[in-house]
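Trainee: Once you've had a glance at the structure underneath, I'll fire off some questions.
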Amino acid sequence: MRVLVAVLLVGIAGCGGSSPSGGGSVPTPKSSQAKTDKPPAQAADADAALKNLGAEIHRNEQGEVVAVNLWATEITDAGLVHLKGLTGL
């Protein structure tokens, strides 16, 4: 019973702070930040190819592809290759 209480206390209190010393947050290098979409030319090609397959493309205010509706399409694995670079989905 004492072991269970000790484990619970450590779990609740934690073993250390999650903030770096000095407070604040750890900056994320730009190279490790996720890209939200393909470059414009490639995105336009993917957009056109998916629309030819019957897909409905949804973009946010910045013009990035955030959703692709493939409902009622006859898309195959070969057609799904166009989704590869659309990482903002």
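Trainee: Quick one: count up the residues across segment 50-76 that are in a strand (DSSP E or B) and under 16 Å from the mean Cα position of the chain (by Cα).
Mentor: The total comes to 6.
Trainee: Any idea which residue in segment 77-89 is farthest from residue 42 (Cα to Cα), counting only those that are in a loop (DSSP other than H, G, I, E, B) and small (Gly, Ala, Ser)? Full working, then the answer.
Mentor: Let us first name the residues in segment 77-89 that are in a loop (DSSP other than H, G, I, E, B), namely 84-89.
Next, only the ones that are small (Gly, Ala, Ser) stay: 85, 88.
Working: 85: 9, 88: 14 Å.
Per the stated criteria, the residue is 88.
Trainee: A follow-up question, please. The conditions are (1) touching a strand residue (DSSP E or B) at 6+ places or on another chain (Cβ under 8 Å); (2) at pLDDT 90 or above, and residue 49 fails exactly one of them. Which is it?
Mentor: With respect to (1) touching a strand residue (DSSP E or B) at 6+ places or on another chain (Cβ under 8 Å); (2) at pLDDT 90 or above, residue 49 is out only on (1).
Trainee: Here is a follow-up. Let me confirm something: among 8, 89, which residue is of a type outside the set (Phe, Trp, Tyr) and modelled with pLDDT of 75 or more? Explain how you work it out, then say what you get.
Mentor: On the way: 8 fails: modelled with pLDDT of 75 or more.
After applying the criteria, what remains is 89.
To keep it simple, each residue is scored yes or no on (1) among the basic types (Lys, Arg); (2) surrounded by 10 or more Cβ atoms within 10 Å (Cβ to Cβ); (3) modelled with pLDDT of 90 or more.
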position: 12; (1), (2), (3): no, no, no
position: 18; (1), (2), (3): no, no, no
position: 26; (1), (2), (3): no, no, no
position: 34; (1), (2), (3): no, no, no
position: 54; (1), (2), (3): no, yes, yes
position: 61; (1), (2), (3): no, no, yes
position: 68; (1), (2), (3): no, yes, yes
position: 77; (1), (2), (3): no, no, yes
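The values are calculated or read from the model by the stated rules, or taken from the named source; none is laboratory data. Just so it is clear, the model here is predicted, and its values are computed rather than measured. When we count neighbours, we look across all protein chains shown, and the Cβ atoms used for this are built from the backbone with ideal geometry, even at glycine.
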